[in-house]
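The values are calculated or read from the model by the stated rules, or taken from the named source; none is laboratory data. Just so you know, these numbers come straight off a predicted model, no measurement behind them. Backbone-built Cβ (ideal geometry, glycine too); neighbour counts: all protein chains shown. Accessible surface is based on the protein model in full, side chains and every heavy atom, while ligands, DNA and RNA are left aside. Shrake-Rupley method; radii C 1.70, N 1.55, O 1.52, S 1.80 Å.
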Amino acid sequence: LALAPFVAQQPHAEAAMLAHGVPVVALAGRGRHRRQASGLLANAGLSRFVAGGAGAYLALALALADSADARAKARSKVRRAIDASPVFQPQALSAAFERAIADLSGRET
């Protein structure tokens, strides 16, 4: 279990943790640091690990920390998301980006 700090985040470290199957808990918010972690999780299909406030962040972190079963389920969700998400599949992400640019320009890929 990894906790994304409220400030001074390193999104590449959080991405690496996720890529290794480690669940990351983040706090949503307006600041760039909060958006990076919550955006990464949301785009990977892991919004369940994004808390809307400090109380929810603490509750989610404690629920995962207190239960080996909850952590195992979380790791399983992370692994499935990594396998399915273009965020962690460079070729799929590149293809999705190409399609988006083509859609914007009115061309076909």
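Assorted remarks:
This table checks each residue for (1) at pLDDT below 90; (2) closer than 26 Å to ALA2 by Cβ; (3) under 18 Å from the mean Cα position of the chain (by Cα); (4) not aliphatic (A, V, I, L, M).
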residue	(1), (2), (3), (4)
SER67	no, yes, no, yes
ALA72	no, yes, yes, no
ALA84	yes, yes, yes, no
GLN89	yes, yes, yes, yes
ALA95	yes, no, no, no
GLU108	yes, no, no, yes
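- Out of GLY45, GLY55, sole residue that is outside any helix (DSSP H, G or I) and out of contact with any Asp or Glu (no Cβ under 8 Å at 6 or more places or on another chain): GLY45
- On the stretch given as the range 16-39, residues that are assigned to a helix (DSSP H, G or I) and open to solvent by 30 Å² or more (accessible area, probe 1.4 Å) total 8.
- Verdict on HIS12 being touching a Phe, Trp or Tyr at 6+ places or on another chain (Cβ under 8 Å), modelled with pLDDT under 90, at negative phi and not hydroxyl-bearing (Ser, Thr, Tyr): no
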